[in-house]
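The values are calculated or read from the model by the stated rules, or taken from the named source; none is laboratory data. Note that this is a predicted model, so its numbers are computed, not measured. No Cβ is skipped: glycine too gets one built from the backbone with ideal geometry, and neighbour counts run over all protein chains shown. Heavy atoms of the whole protein, side chains included, go into the accessibility calculation; ligands, DNA and RNA do not. Shrake-Rupley method; radii C 1.70, N 1.55, O 1.52, S 1.80 Å.
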Amino acid sequence: MKMNKGEIFNSVCKSNYVFLIAFLLSHFSFLISYSQNIPESTSYTRIYDFIDELAMDGIVDVNSAIKPYNRNVIAAALKEAQQKDSLLFKRQKKDLSFFISEFANELDTMPKAYVHWTDKKTFDLSLLQPQFIYHNKYFKASIRPLLGMDLFYNSNGLIMKRWYGVDLQMDIVKHVSIWGSIRDNSFDGSYLNKTKYPTTGQRANVARMSQPGYLYNLPGCEYKEANYGGDYSDVRGGIRVYDWWGSIGFVKDNIAWGDTYNCSNIISGRQPSFPMITLNLTPCKWFEFNYIHGFLVSDMLDSTKWYWEENYSGIGEGKKHYRSMNKYIAANMFTFTPIKGLHLAVGNSIVYSGEFQPIYLIPIAFFKSLDHLTSKGTGEENQNSQLFINLSTYNIPHTHLYASFYIDEFSIKRWSNPQNNMVSYKCGISVSNWPLKGVQVGFEYTRTNTLCYKHSIQAITWASNNYNMGHYLGDNSQQFYAFINYKPIRSLNLNISYTKDQKGNDYEYVRRGDGDILAQPILKNILWENDIVSFKALYEVWPNAYAILNVDWNYARGHDLDYSKAIEADNQLSAEQALNKFTPQFYKGSNVTLTVGFSLGF
């Protein structure tokens, strides 16, 4: 039978469709074991501590410089530990069983629960822990409430923090993950000492414990005005398309780059979450690539961007409402693992403002070079670029050694004098389960040179919502941090730590005088310091449900300096001015603070 050209074309197309469908189905069946490319909040500290403990014992391997971990990565680590059950001691086995219940959906099982709805192989409605879980071959979902309260009490009085919300996670055909959560948070200072703070306005100010200028390791937020304290909402979520080799997505979340047990000096995650395009590639065991293009919040008004309200005053007078200036970040990190347990990571970033630049969507790029291409010919200031280096090894039994470097506005000329480098570096060591099982000890040191994280142009600083994205102490500072963790039984973590924060002279970044600023001795004078001794007891009643009891002593104070030979860029703060600028009112001076709290699902 003779076929015309149209019939031949249709036949070829149909055969191609059949081939394509067969290929996709075979490809899908190969990928059936991969699921839930959803980040696990770094607020779930116990699971991160447990994975780190397993890595120090040589049971699993993990790239600890890039957080948050995805839930499928955590589930794979738990499964690997389960297969090496003989290497675990009694408390570790119980913790492992506990966490496997939390990541049951990723492991295609059902969590332990007290109330089940219909067929427990597919549905699970649980009251303890409260959540709903569903899964079948092609779709997984979980919904859980978020609820919690912390009470902070010291000689200033009582602050109550409460939050509530909901968390939703979905996975479709093991290639698409969608998730979202919303938390409404409130700090209530109505119960503060009315003798010290007689007015409502004073109590509201003291209750706002997190502000961009405060040198305290608290999560950043944008408060809504309230006469009792402050409210803020936190929305996180995203969508990712993924395969065994990596993922691409659009998410809003907190990320942390750089190894640490306290606060990273690269990207700390302390700033409020921001939206970003993400790319992760893991094509082989010895290489991982991470890239983001983020949309930061500048908190600076753009005089060219506004809309008009016709009758703002009610008597015919209108008003211009100005919008914020655009601000972006592009960053990447290449991580190499030449041998199991040894991770070498390098990366770079750029913070830029104004119009969106598609050129920075090139993920594997040296962004400073691209910046020269786009802005050097104008004769104006370049954008703000950075370099990262992170080294981490778990190769010494029971030990984690790490170091990270953040190099700001890299210039070969500055390296002739190390002091002139705008660099932050961190080094640390942690030892776990040796010589005593269940005990972990660690120490880390962080030092940040003058002008690091700063920029003469406010629109392109290393910040979002005015919160520094690096170490919370900022430039011209150092931190000593030591801790002991003890895990006597399943789900109970006891921690004792000592932190010493020190801040030198406070300089404005004046471009025409940056040579004079960088010539000043780093930390020659100590303008502000804070000592913190902390005891923390945390018990996870069931997965993602914490009861906490903390007792902290802190001593925050400023120092009067001799400014007789001060340079123009020195802000010349007095001891009282430094204390007011860098310290939350609730923690000024010497305080013993008691914190008790309980949370469901963070």
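Evaluate the following for Val541: is it in contact with a Phe, Trp or Tyr (Cβ under 6 Å, 6 or more places away or on another chain) and either over 30 Å from Asp408 (Cβ atoms) or assigned to a loop (DSSP other than H, G, I, E, B) (or both)?
For Val541, the condition - in contact with a Phe, Trp or Tyr (Cβ under 6 Å, 6 or more places away or on another chain) and either over 30 Å from Asp408 (Cβ atoms) or assigned to a loop (DSSP other than H, G, I, E, B) (or both) - is not met.
In summary, Asn311 fulfils each of the numbered conditions (1) surrounded by fewer than 19 Cβ atoms within 10 Å (Cβ to Cβ); (2) in a strand (DSSP E or B) with the single exception of condition (2).
Considering each of Asp188, Asp150, Asp184 in turn, give the residue that is assigned to a strand (DSSP E or B), of a type in the set (Asp, Glu) and touching a helix residue (DSSP H, G or I) at 6+ places or on another chain (Cβ under 9 Å).
Exactly one residue qualifies, and that residue is Asp188.
If you go through the range 221-242 and keep only what is among the hydroxyl-bearing types (Ser, Thr, Tyr), out of contact with any Phe, Trp or Tyr (no Cβ under 7 Å at 6 or more places or on another chain) and modelled with pLDDT under 95, you end up with Tyr228, Ser233. Looking only at residues of the range 135-150 that are open to solvent by less than 50 Å² (accessible area, probe 1.4 Å) and touching a residue at least 40 places away in the same chain (Cβ under 8 Å), we find that the one that is nearest to Asp234 (Cα to Cα) is Leu146.
Restricting attention to the range 284-308, the residues that are open to solvent by 40 Å² or more (accessible area, probe 1.4 Å), at pLDDT below 95 and either in contact with a Phe, Trp or Tyr (Cβ under 8 Å, 6 or more places away or on another chain) or not in a strand (DSSP E or B) (or both) total 5. Of the residues making up the range 535-578, those that are within 26 Å of Val592 (Cβ to Cβ) and hydrophobic (A, V, I, L, M, F, W, C) are Phe535, Ala537, Leu538, Ala547, Ile548, Leu549, Val551, Trp553, Ala556, Ala575, Ala578. Just checking, does the range 417-437 include any residue being closer than 28 Å to Tyr481 by Cα, among the basic types (Lys, Arg) and surrounded by fewer than 18 Cβ atoms within 10 Å (Cβ to Cβ)? Yes - at least one qualifying residue is present in the range 417-437. Scanning the range 81-99 for residues that are open to solvent by less than 30 Å² (accessible area, probe 1.4 Å) and assigned to a helix (DSSP H, G or I) yields Ala81, Arg91, Gln92, Asp95, Leu96, Phe98, Phe99. Scanning the range 485-523 for residues that are among the polar types (S, T, N, Q), outside any loop (DSSP other than H, G, I, E, B) and open to solvent by 30 Å² or more (accessible area, probe 1.4 Å) yields a total of 0.
Table: residues versus (1) open to solvent by 10 Å² or more (accessible area, probe 1.4 Å); (2) touching a Gly at 6+ places or on another chain (Cβ under 9 Å); (3) assigned to a strand (DSSP E or B).
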site	(1), (2), (3)
Ile239	yes, yes, yes
Asn262	yes, yes, no
Asn265	no, yes, no
Pro272	yes, yes, no
Met276	no, yes, yes
Leu279	yes, yes, yes
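Just one of the numbered conditions (1) more than 20 Å from Ala330 (Cβ to Cβ); (2) in a loop (DSSP other than H, G, I, E, B); (3) in contact with a Lys or Arg (Cβ under 9 Å, 6 or more places away or on another chain); (4) modelled with pLDDT of 95 or more is not true of Leu218: (4).
Being over 27 Å from Lys426 (Cβ atoms) and in contact (Cβ under 8 Å) with a residue 60 or more places away in the chain is the filter here, so list the residues in the range 361-387 that pass it. Selection gives Leu361, Glu381. The set of residues in the range 388-405 being surrounded by fewer than 22 Cβ atoms within 10 Å (Cβ to Cβ) and either part of a strand (DSSP E or B) or free of Cβ contacts under 8 Å to residues at least 40 places away in the same chain (or both) consists of Ile389, Leu391, Thr393, Ile396, Thr399, Leu401, Ala403, Phe405. Would it be correct to say that Asp61 is in contact (Cβ under 8 Å) with a residue 24 or more places away in the chain, closer than 21 Å to Tyr486 by Cβ and either open to solvent by 10 Å² or more (accessible area, probe 1.4 Å) or of a type in the set (Ser, Thr, Tyr) (or both)? No.
Residue-by-condition table, conditions (1) touching a His at 6+ places or on another chain (Cβ under 8 Å); (2) in a helix (DSSP H, G or I); (3) crowded, with 21+ Cβ neighbours inside 10 Å:
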{"site": "Ala345", "(1), (2), (3)": "no, no, yes"}
{"site": "Tyr352", "(1), (2), (3)": "no, no, yes"}
{"site": "Tyr360", "(1), (2), (3)": "yes, yes, yes"}
{"site": "Ala365", "(1), (2), (3)": "no, no, no"}
{"site": "Ser369", "(1), (2), (3)": "no, yes, no"}
{"site": "His372", "(1), (2), (3)": "no, yes, no"}
{"site": "Gly377", "(1), (2), (3)": "no, yes, no"}
{"site": "Asn382", "(1), (2), (3)": "yes, no, no"}
{"site": "Gln386", "(1), (2), (3)": "no, no, yes"}
